[in-house]
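Engineer: Got a structure here, written out as structure tokens. Questions coming.
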Amino acid sequence: MSAHANAVGPGTGAEIESAYAWLRLATALTLGTIGSIGMWSFVVALPSVQAGFGVARGEASLPFTLTMIGFGVGGMVMGRFADRRGIVWPTTCGALALGCGYVLSGLASNILQFALAQGLIGFGSSATFGPLISDISHWFARRRGIAVAIVSSGNYLAGTLWPPILQYFIASQGWRATQIATGVLCVATMLPLILALRRPTPRHLSIEPGAAASGGRGSLGVSSNTLMVLLCVAGVGCCVAMAMPQVHIVAYCGDLGYGSARGAEMLATMMAFGIISRIAGGFIADRIGGLQTLLLGSALQGVALFLYLWFDGLVSLFVISALFGLFQGGIVPMYAIIVRECFSPTETGTRLGIVLMATLVGMALGGWMSGVIFDVTGSYRAAFLNGLAWNVLNGGIVLWLLLRPGRRLAQA
């Protein structure tokens, strides 16, 4: 990594970890906090949307599934766009897509129209996650882990700040008016911020040690294609598990008689502790590596899911939700660190978009699957067990990569 920090010349590594790099980091964090509202708004609106359209819980979970699919597809498209054209155009398109999606969802006359609009919202939100993470990874070397963690925290800051606000306006103004107003807010605030990102990404003078050329053999001792497949399967597994509490905690609290407002507060608590997890995960990854940090987060996420099986009191749910956020928040950013460590810097946006697509498939599948399991069984207990099983799959893949003899040889 030091090759980047020591490079000189205009448009090269001389700008890495400069004052402008930190300003760019702050701007990216702000954009992520605003743009990622699209990831969490439907979680809060789910009970009201379900009642408004008169559909079952499983059918009412479909818009979240399309949101995640839109986010995943958008991550691949926007990531490739950013690799070729820089970050400005993808984030501009994302802001406009968010505005259109929210207005269309507020005007939807049935659940299918609403779900399609949510897909557009997810597509727009994707520009403020993976592409921004990929972009900022080029501006930092020695502190890359913490920089990536900070940018990815915009997603969780959104989950902390917006749910209580949205819940208030949904209760007082209705979910349709709230959706439309949210779209206007996104466009009005994001477009001016994007102007601060116009400076081109520094040119990398060399590929870092351990980063594999496309189709080669990287620092984990497996081919690039094999590693991509394994990372994608692991991403699906961890995020199916992650989706159960994140997507259904508001509805779960309503079913237990605590009310949607308590559920929104619980979600905000989960996201707040997730921010701590993401920042701590960045520090840990800078010291022990992304793969080791991913295994740690996966193991702890499993512990929190296990606790949900045994406690459902209001106070205990707040505590477990805080623990869940603290344990799992650093998981997804680790995929960005692993991709940056193991692949060519010129492919970061595209490859990270593919891996994030897999994690979003996991979120979409987990959100939908949990709703269907609830409809079939009448409770969320089986859904928590389902999440635990997928979490074991994720941990097993990461542990295998860590224990392979080929990995130790490649790093020697």
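Engineer: How many angstrom separate the Cα center of the stretch 122-146 from the Cα center of the stretch 295-331?
Structural biologist: The stretch 122-146 and the stretch 295-331 have Cα centres separated by 26 Å.
Engineer: Okay, moving on. For labels at Ile276 and Ser18 in the simple 7 Å Cα→Cβ model, what's the distance in nm?
Structural biologist: If labels sit at Ile276 and Ser18, their model points lie 3.7 nm apart.
Engineer: Also, I was wondering about something else. Which sequence of Tyr258, Tyr308, Tyr20 reflects their accessible areas, 1.4 Å probe, from the largest down? Present the calculation step by step, with values, prior to reporting the outcome.
Structural biologist: Working: Tyr258 70, Tyr308 5, Tyr20 35 Å².
Highest to lowest solvent-accessible surface, that is Tyr258, Tyr20, Tyr308.
Engineer: Angle, helix 62-85 long axis vs. longest principal axis of the chain, Cα atoms, 0 to 90°, nearest 10?
Structural biologist: Taking the Cα atoms of the chain, the angle to 62-85 is about 20 degrees.
Engineer: Please identify, among Gly371, Gly257, Gly86, the residue showing maximal mean-square fluctuation in a Gaussian network model of the chain using a 10 angstrom Cα cutoff.
Structural biologist: Gly257
Engineer: Considering only Val250, Val55, Val339, give the residue with the highest GNM mean-square fluctuation for the chain, with springs between Cα atoms whenever their separation is below 10 Å.
Structural biologist: Of Val250, Val55, Val339, the most mobile in the Gaussian network model is Val55.
Engineer: Where a ≥ b ≥ c are the square roots of the eigenvalues of the C-alpha gyration tensor, would you call the chain rounded, which needs a/c under 1.5, or, failing that, prolate if a/b is larger than b/c, or oblate?
Structural biologist: Verdict is oblate for the chain.
Engineer: Could you give the length gained on full extension between Ile165 and Leu191, defined as 0.36 nm per residue of separation minus the Cα-Cα distance, in nm?
Structural biologist: Stretched out fully, the Ile165 to Leu191 stretch lengthens by 7.2 nm.
Engineer: What's the FRET efficiency of Val376 with Val184 using the Cβ-Cβ distance as r and R₀ = 41 Å, to the nearest 0.05?
Structural biologist: So the FRET efficiency works out to roughly 0.55.
Engineer: OK, next. Distance in nm between label sites at Val319 and Val392, each 7 Å beyond Cα in the beta-carbon direction?
Structural biologist: For the pair Val319/Val392, the computed spacing is 2.7 nm.
Engineer: Can I ask one more? What is the chain's relative contact order, in percent, from Cα pairs under 8 angstrom and six or more apart in sequence?
Structural biologist: After rounding, I find 26 percent.
The values are calculated or read from the model by the stated rules, or taken from the named source; none is laboratory data. Being a predicted model, the structure only gives us computed values, none of them experimental. All Cβ positions, even for glycine, are placed from backbone atoms using ideal geometry, and neighbour counts span all protein chains on display. We work out accessible area using only protein heavy atoms, side chains counted, and drop any ligands, DNA or RNA first. Shrake-Rupley method; radii C 1.70, N 1.55, O 1.52, S 1.80 Å.
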